[in-house]
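Read the structure below first, then the notes.
Please treat every number below as a calculation from the coordinates, not as lab data. This structure is a prediction, so every number in the text was calculated from the model and none was measured. Cβ sites come from the backbone with ideal geometry, for glycine too, and all protein chains shown count toward neighbours.
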Ligand code: ADP
Ligand code: XUL
């Protein structure tokens with residue numbers, strides 16, 4: 001039998017280049033965490049003057065970007081921090097990473113020569129500062145491309161046709177519509193671009209000192225890749241922007257080697273020159289790997305800057321809501337996902353307004369209010385939402401005569417405000433009622449066998465307790481709430497193993513006998529309690545969806 005063990009003494013490094021920070025997790029050969037580090041963009045790199053890692057362009061509706069160079073500088077800084085913590089870089093056998101999905105980087109013509117000849121005595125940012133034809137990268141929070149989405153859908157025969165071809169209908173934040181907008185509005189910058197990378201393939205490019213491929217999984221978040229053939233769709237490229245194919249480079253499976261680490265890192269940080277860079281992928285797909293999600297009955301919810309809910313499916317059913325990506329660690333199945341823009345930043349906004357900027361006060365309100373919130377339902381959109389497609393605005397309703405036994409005789413009254421404690425409960429219950437409803441509509445398991453929670457807000461037990469009652473199932477967690485960098489480290493090990501075997505090997509080979517003894521082990525975090533409450537939430541969810549449908553009819557994007 002083939003030996004699938006990892007070399008004892010070696011390390012596997014995973015990054016997570018996300019909206020607000022760059023994080024790193026290092027696993028040893030027994031898949032236990034040996035080091036973690038974080039660079040927070042706002043506080044560690046204040047000279048970029050970002051707020052929550054981004055710039056909100058007040059002059060263009062929905063335009064949200066991040067300075068590309070900040071991500072570069074963050075990489076040098078996190079490696080420097082890891083070096084200070086005495087991490088032995090020479091033991092790292094492979095590196096992979098997660099990028100916030102959809103965001104794009106525009107490399108100026110000629111940059112490949114700068115990238116491949118970096119001077120290890122100088123910081124990265126100073127050397128790459130002139131390498132981008134667009135200085136600020138459009139990111140997943142951007143919603144300024146509605147026109148481009150409509151045009152692309154129309155040109156390929158409609159939204160469902162695009163979803164059938166690529167796994168998703170056109171979404172404002174997806175890379176194809178973003179590129180089309182740049183092509184239309186900044187043609188000189190588009191012409192001056194020799195390569196367009198995703199955040200994931202961008203960071204991999206820096207590490208190998210050459211342009212890395214886009215991986216099949218993150219590539220499915222662009223509205224450009226034929227999901228069946230895992231190749232660029234010529235038909236869609238043509239209707240997106242002229243001359244696009246040559247700017248995109250090739251696609252590669254997520255488990256493939258992108259290249260060996262460049263001399264810059266060998267000399268500056270003492271990486272081993274044989275250290276492999278495994279293709280980076282999207283943060284949500286890598287979380288799926290890090291949470292070891294492998295049964296179609298299980299769902300994960302990630303409560304980071306965005307909120308996402310995702311699971312596994314054996315088939316690709318085209319839909320007008322949600323996304324289908326190739327599973328990054330299994331060549332035979334898909335990842336299915338829903339994404340909400342109003343996640344942690346919206347919860348923080350309500351915490352700041354109603355709970356004196358304190359999670360402790362926020363939690364005391366959750367503890368001192370009753371589940372179901374006396375029929376108070378809130379819709380909080382600090383940013384233009386994806387699900388449902390509603391503009392910025394807050395909407396509050398009270399269900400009168402809501403006895404929780406049936407919806408007969410229930411009257412809906414709109415109000416302008418709730419008391420502080422009810423507002424806090426409403427933002428939490430509202431989000432998970434919406435998630436459950438849309439997950440069911442998308443065909444995700446209901447109730448799931450298990451729900452695994454991750455992301456910054458999964459550290460909050462009060463929130464997880466509401467999640468359990470609303471979804472009606474147990475909620476689990478892994479040791480680290482950053483499953484994206486954890487999953488990237490695991491994928492680094494997986495890619496290393498595939499490379500050693502000369503073929504794809506199932507990721508389960510890495511941990512089939514000892515998952516419980518690794519940092520990937522899931523532990524119970526919250527239980528749903530009584531079934532009667534779960535049933536009452538089911539009724540409340542139905543009413544919420546009715547109200548949501550009215551709001552979409554009145555205010556939503558078509
Ligand atoms: P990213 O998507 O950028 O990787 P993270 O997963 O690191 O985001 O999550 C960051 C968010 O976690 C913060 O914006 C913060 O609101 C949220 N968070 C952190 N601790 C708590 C807590 N105790 N309760 C609720 N939210 C929290
Ligand atoms: C997924 C999405 C977000 C980003 C956040 O479609 O837009 O979850 O990946 O980093």
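Between residue 515 and residue 86, take the C-beta separation as r, use R0 = 25 Å, and let me know the FRET efficiency to the nearest 0.05. Before the final figure, lay out the partial values.
Working: r = 29 Å, r/R0 = 1.15.
The computed FRET efficiency comes out at 0.30.
Any chance you could check the Cα centroid distance between the range 427-454 and the range 394-417 for me, in angstrom?
22
For a label point 7 Å from the Cα of residue 446 along Cα→C-beta, name the residues of the range 291-326 whose backbone N is under 16 Å from it.
Correct set: 297-300, 309-311, 320-322.
Could you tell me the calculated FRET efficiency between residue 160 and residue 245, based on Cβ-Cβ distance and R0 = 22 angstrom, to the nearest 0.05?
After rounding to 0.05, the efficiency reads 0.30.
Give the order of 172, 546 when sorted by the count of other beta carbons within 10 angstrom, beginning with the fewest.
Ascending Cβ contact count within 10 Å gives the list 546, 172.
Looking at the chain, what % of its DSSP beta bridges pair antiparallel, to the nearest 5?
Percent antiparallel among DSSP bridges in the chain is about 75.
Just to confirm my numbers, what's the Cα centroid distance between the range 6-54 and the range 240-303 in Å?
14
Please state the relative contact order of the range 11-279 as a whole percent: Cα pairs under 8 Å, 6+ residues apart?
20
Under a crude label model (7 Å from the Cα following the beta-carbon direction), how far is residue 405 from residue 499 in nanometres?
6.6
Could you state, as a whole-number percent, how many of the C-alpha pairs of the chain are farther apart than 38 Å?
Numbers: 40479 of 155403 pairs.
The share of Cα pairs beyond 38 Å in the chain comes to 26 percent.
Work out how far the C-alpha atoms of the range 1-146 reach from end to end along every principal axis, then list the three figures in whole Å, largest first.
Projected onto its principal axes, the Cα set of the range 1-146 covers 59, 34, 32 Å.
Which percentage, to the nearest 5, of the DSSP beta bridges contained in the range 11-279 is antiparallel?
Antiparallel bridges make up about 75 percent of those DSSP assigns within the range 11-279.
Can you tell me the order of 59-67, 289-297 when each peptide is scored by its average per-residue count of other Cβ atoms within 10 angstrom, highest first? Working shown, then result.
Values: 59-67: 17.3, 289-297: 21.4.
Ranked by mean Cβ neighbours within 10 Å, highest first: 289-297, 59-67.
Any idea what angle helix 483-501 forms with the longest principal axis of the chain, computed on alpha-carbon atoms, 0 to 90 degrees, nearest 10?
In the chain, helix 483-501 runs at an angle near 40 degrees to the longest axis.
Packing-wise, with mean Cβ within 10 Å as the measure, how do 456-463, 215-222 rank, highest first?
With the highest mean Cβ count within 10 Å placed first, the list reads 215-222, 456-463.
I need 512, 281, 137 ordered by Cβ neighbour count within 10 Å, fewest first. Present the calculation step by step, with values, prior to reporting the outcome.
Numbers: 512 10, 281 37, 137 25.
Ranking 512, 281, 137 by Cβ neighbours within 10 Å, fewest first, gives 512, 137, 281.
What nm value, rounded to one decimal, do you get for the distance between residue 135 and residue 109 when each label is placed 7 Å out toward the C-beta?
Once both label points are built, they end up 2.1 nm from each other.
Sort 536, 517 so the one with the fewest other Cβ atoms within 10 Å of its own Cβ comes first.
517, 536
Run the simple label-point estimate for residue 263 and residue 32 please: 7 Å along Cα→C-beta, distance reported in nm.
Distance between label points: 3.9 nm.
With all pairs of different alpha carbon atoms counted, what Kirkwood hydrodynamic radius in Å does the range 11-279 show?
With all distinct Cα pairs of the range 11-279 included, I get 18.9 Å.
Hey, can you rank 6-19, 118-131 by average C-beta count inside 10 Å, highest first?
Sorting 6-19, 118-131 by mean packing, highest first, produces 6-19, 118-131.
Compute the angle between helix 359-368 and the longest alpha-carbon principal axis of the chain, please, reported from 0 to 90 degrees and rounded to the nearest 10.
30
For residue 332 and residue 416, what is the calculated FRET efficiency with R₀ set at 51 Å and r taken between the beta-carbons, to the nearest 0.05? Spell out each step's value before the answer.
On the way: r = 52 Å, r/R0 = 1.01.
Result of the calculation: an efficiency of 0.50.
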